[in-house]
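Worksheet for the structure shown next.
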Amino acid sequence: MDVVVDNLGFIGRGLVTTVRLTLLSWVIAFFIGLLLATCRVSPVPPLRGAATTYVTLVRNTPLLVLFFLFFFGFPNLGIQYPAFPSAVIVLSVYTGAFVGEAIRAGLNTVARGQAEAARSIGLTFPQVLAIVVLPQALRSVVAPLGNLFIALTKNSSVAFSISVVELTGVSSRLITRFAQPLPTLFGIAVAYLLLTYPSGLAFGALERRLAVRR
């Protein structure tokens, strides 16, 4: 384990990069998902169709393919960003599709009568969503959103494929330099565990706090 102990600073910088990548991507993905879920239940057919197409295409495309397409393919169209912003964009776009489906499932758990009652007193569709439906829907999908956050933390490792030096990128460089894959990968696995396990506990506590008493 000397390779891990002697390179804790380098591993720590990779850990910070993973955290930044995860948090930035999650914030953007949440708003993308919120927009997609709203469009999926919208009374406007073109919005429903566009959101459905987005979700279908993104969810059925491997994440690695999206990384390569954006980072290596899009520059041919004049769209080019550095590695870290590219990773944030791809992870946000990908995770947003799953977040949108989770939120849509939550929207479907809210009794239709509540929305109808809200419309009967003159609330518009956006007001019904913002005031009546979404607050209840989000409370019911804390656990699925927590699972998606943990999945995003692990999916951030794919950013290594475009040379982002996060935890997996750190492990690759250490293995190349010291040729000790077992202790290196074990140390990196522990680092991921230090990120994902507390996240699971936090979302579990939030779920219990927001649980609807029946």
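Summary table below
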item	result
Segment 1-54: number of residues that are touching a Ser or Thr at 6+ places or on another chain (Cβ under 8 Å), of a type in the set (Val, Ile, Thr) and within 15 Å of Ser157 (Cα to Cα)	2
Answer residue from segment 82-123, given it is among the β-branched types (Val, Ile, Thr) and outside any helix (DSSP H, G or I) and is surrounded by the most Cβ atoms within 10 Å (Cβ to Cβ) among those	Val110
Qualifying residue in segment 85-92 (condition: within 18 Å of the chain's Cα centre (by Cα) and of a type in the set (S, T, N, Q))	yes
Segment 124-152, residues that are farther than 16 Å from Leu206 by Cβ and in a helix (DSSP H, G or I)	Phe125, Pro126, Gln127, Val128, Leu129, Ala130, Ile131, Val132, Val133, Leu134, Ala151, Leu152
Residues (within 29 Å of Thr61 (Cβ to Cβ), in a loop (DSSP other than H, G, I, E, B) and not β-branched (Val, Ile, Thr)) located in segment 155-188	Ser163, Glu166
Some residue of segment 126-135 being under 26 Å from Leu63 (Cα atoms), of a type outside the set (Ser, Thr, Tyr), touching a residue at least 24 places away in the same chain (Cβ under 8 Å) and surrounded by 12 or more Cβ atoms within 10 Å (Cβ to Cβ)	no
Qualifying residue in segment 75-82 (condition: in contact (Cβ under 8 Å) with a residue 40 or more places away in the chain and hydroxyl-bearing (Ser, Thr, Tyr))	no
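All of the numbers you see were taken from the coordinates with simple rules; none came from a lab. Predicted, not measured: the structure shown is a model, and the values here were computed from it. Cβ atoms come from the backbone with ideal geometry, glycine included; neighbour counts cover every protein chain shown.
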